[in-house]
Amino acid sequence: MNSTKEKIAKILIENKNNFISGEFISSELGISRASIWKHINSLRSEGFEIESKNKVGYKLILNDENTISEYEIMHDLNTQIIGRSTHYFKSIDSTNTYAHKIAGSSEDGTLIVAEEQTAGRGRTGRYWFSKMEEGLYFSLILKPEIPIMKSSFLTQVAGASLLKALDRLGVNSSIKWPNDIILNKKKISGILTEMSAEIDRISYIIIGIGINLYGKNFDDSISQKATSIENEGYNIKRLDFIKSFCEEFEKMYIEFLSDDTDHILQILRDRSEILWKEVFIIRGDKKEKVFAKDIDRSGNLIVSYPDGREEGIFTGEVSIRGLDSYV
Ligand code: BTN
């Protein structure tokens, strides 16, 4: 948190629902009353409800315990890289699209969060339903100094972090390799990883995640395979979720950057919905029954065919389905 406005927001959040005097803010930050007033109005225009009382000071009203803002996300966030710079939007076309626009001038770990997307994108060109009040849609801009061939493993890092973040909030989910988070056999979250690279060097990677926290009604096209966390009987707050995710992701991102992926792979194997089972792999129009044997150190799915042949499947090449249901 660097700007004066961010510092004022931090003080207000720390004293939420209580008055804090202008004199206190002024002496803490070494700024004039006029400057405080200007920033308070700017915070109000961003949607904060701030009461002001002559000779008493300012009070941030946070009655809705499920609010979210960049200041609240960054406040007391226990990370060094992830989310240290956060951009929040009530509504946006797509957090991944916005991430591409600002990636060049953004630092590693920059987070973009929205409560609604009007043009959310899923894998393989599909639409990602991103309604207000239903979920959280966010993207991370990453700038790791790693060989290009290692980049796809970041989808696995994100998957393992989602599992762990949900564990912390009491939701025991599983993963359908490579990028679907599953609760009671239905999808609650998906990951879309995109990259911009030169011939031999990564410029940046964007990990986009949509999570269905509260949705009740699902479009016919997805109602058989999608659910929300609330639909399955859990209630988790947006802010708790995004903070837990950032903290879990950072731990695993650091492990990944130091080539220490055993812990991540263990989570992915232990919590897999498809390993040690027969599943269908779908490549374009072709659907084949295989046995899902393992996830290798590069994050590829090792499958065996009925004729005994084995193959490592690269993330992003295929879709996986259960023999008679989604997983
Ligand atoms: C999937 O197809 O399962 C991946 C879905 C990824 C959706 C997220 S929501 C935030 C980010 N912005 C987008 O437009 N897509 C990703």
- [ ] Pick out, from region 136-213, the strands (runs of 3 or more DSSP E) lying fully within it that include 2 or more residues that are within 14 Å of the ligand (Cβ to nearest atom) and under 21 Å from Thr95 (Cα atoms).
- [x] 180-183, 186-197, 202-212
- [ ] Could you grab me the full set of residues in region 85-116 that are within 9 Å of the ligand (Cβ to nearest atom), out of contact with any strand residue (DSSP E or B) (no Cβ under 6 Å at 6 or more places or on another chain) and either of a type in the set (Asp, Glu) or not in a helix (DSSP H, G or I) (or both)?
- [x] Asp93
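Here is a yes/no grid of residues against (1) in a loop (DSSP other than H, G, I, E, B); (2) of a type in the set (D, E, K, R):
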{"residue": "Leu12", "(1), (2)": "no, no"}
{"residue": "Phe24", "(1), (2)": "no, no"}
{"residue": "Ile31", "(1), (2)": "yes, no"}
{"residue": "Ser35", "(1), (2)": "no, no"}
{"residue": "His39", "(1), (2)": "no, no"}
{"residue": "Arg44", "(1), (2)": "no, yes"}
{"residue": "Phe48", "(1), (2)": "yes, no"}
{"residue": "Lys59", "(1), (2)": "no, yes"}
{"residue": "Thr67", "(1), (2)": "yes, no"}
Task: In region 302-318, residue nearest to the chain's Cα centre (by Cα) [restricted to those that are outside any loop (DSSP other than H, G, I, E, B) and crowded, with 16+ Cβ neighbours inside 10 Å] - done: Ile313
- [ ] Six or more apart or on different chains, Cβ under 8 Å: which pairs go from a residue in region 51-79 that's more than 17 Å from Ile236 (Cβ to Cβ) to one that's polar (S, T, N, Q) and surrounded by 15 or more Cβ atoms within 10 Å (Cβ to Cβ)? Could you list them?
- [x] Tyr58/Ser52; Lys59/Asn15; Lys59/Ser52; Leu60/Asn15; Glu70/Thr86; Met74/Thr86
- [ ] Output the residue which, of all residues in region 2-19 that are touching a residue at least 24 places away in the same chain (Cβ under 8 Å), of a type in the set (D, E, K, R) and surrounded by 13 or more Cβ atoms within 10 Å (Cβ to Cβ), is farthest from Glu65 (Cα to Cα).
- [x] Lys5
- [ ] Would you mind stating whether Thr79 is more than 14 Å from the ligand (Cβ to nearest atom) and closer than 30 Å to Asp296 by Cα?
- [x] yes
Task: Selection count, region 20-70, where residues are surrounded by fewer than 16 Cβ atoms within 10 Å (Cβ to Cβ), touching a strand residue (DSSP E or B) at 6+ places or on another chain (Cβ under 6 Å) and farther than 27 Å from Gly83 by Cα - done: 4
Task: Boolean, Ile202 is hydrophobic (A, V, I, L, M, F, W, C) and under 23 Å from Thr86 (Cβ atoms) - done: yes
Open item on the list: Which numbered condition in (1) crowded, with 21+ Cβ neighbours inside 10 Å; (2) at pLDDT 95 or above; (3) not acidic (Asp, Glu) is the only one that Tyr214 fails?
Closed with: (1)
Open item on the list: Can you go through Ser152, Ser174 and tell me which one is surrounded by fewer than 21 Cβ atoms within 10 Å (Cβ to Cβ) and touching a Gly at 6+ places or on another chain (Cβ under 8 Å)?
Closed with: Ser152
Open item on the list: Please verify whether Asn54 is at negative phi, at pLDDT below 95 and either in contact with a Ser or Thr (Cβ under 8 Å, 6 or more places away or on another chain) or more than 15 Å from the ligand (Cβ to nearest atom) (or both), treating the condition exactly as stated.
Closed with: yes
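The values are calculated or read from the model by the stated rules, or taken from the named source; none is laboratory data. Just so it is clear, the model here is predicted, and its values are computed rather than measured. So basically every Cβ, Gly included, is an ideal-geometry build from the backbone, and we count neighbours across all protein chains shown.
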